[in-house]
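Throughout, read-outs are computed from the coordinates displayed, never taken from laboratory work. Computed from a prediction, not measured in an experiment: that's the story for all the values here. All Cβ positions, even for glycine, are placed from backbone atoms using ideal geometry, and neighbour counts span all protein chains on display.
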Amino acid sequence: MKTTKSLLAGLIFLSSVTASVTAFAADGVVERDPFVAGSYCNQKFEAMEEQSLDTNDPVLKNHDIIDFYGDCNESPVGQDQVQEQKLDLQHRFVIDFESE
C-alpha cells in the first residue's frame, strides 16, 4: 500500500513539473530564474531560425538554446532578440570566413 501511495505521489509530481515546463516552452522560454522579483532574470530560450530573422514572424529553433541575462519581460521573438541574433550571425561570419 505504501508503494502505491509513493508511486501515485511521484506521478502527480512528475505531471505538475511537466505541465510547468510545457507552459514555459509554449512561448519559447525554456527556463526562467528571477534574481530579484520584477528585475533581472536568467532566461534560457530557443534561438530563431536564421532565415526567419528578416521576416515579420520569426520562427524558433527547437535545438539551439540562448542563455540570456536581463529583463524578465524579454521576449524570445522580440525586436531586441532579432537584432542580437543578426549581430551574432555577422560576427560568426567574420570569424568563420573572413579570417582565412
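The local environment of Asp80, defined by Cβ-Cβ distances under 10 Å, has a net charge of -3 under the rule Lys, Arg +1 and Asp, Glu -1. Summing charges over neighbours of Val59, with a neighbour being any other residue whose Cβ is under 11 Å away from its Cβ, gives -3 when K and R count +1 and D and E count -1.
Quick one: which of 55-67, 80-92 comes out on top by average Cβ neighbours within 10 Å, and what's the full order, highest first?
Numbers: 55-67: 11.8, 80-92: 13.4.
Highest to lowest by the protection proxy: 80-92, 55-67.
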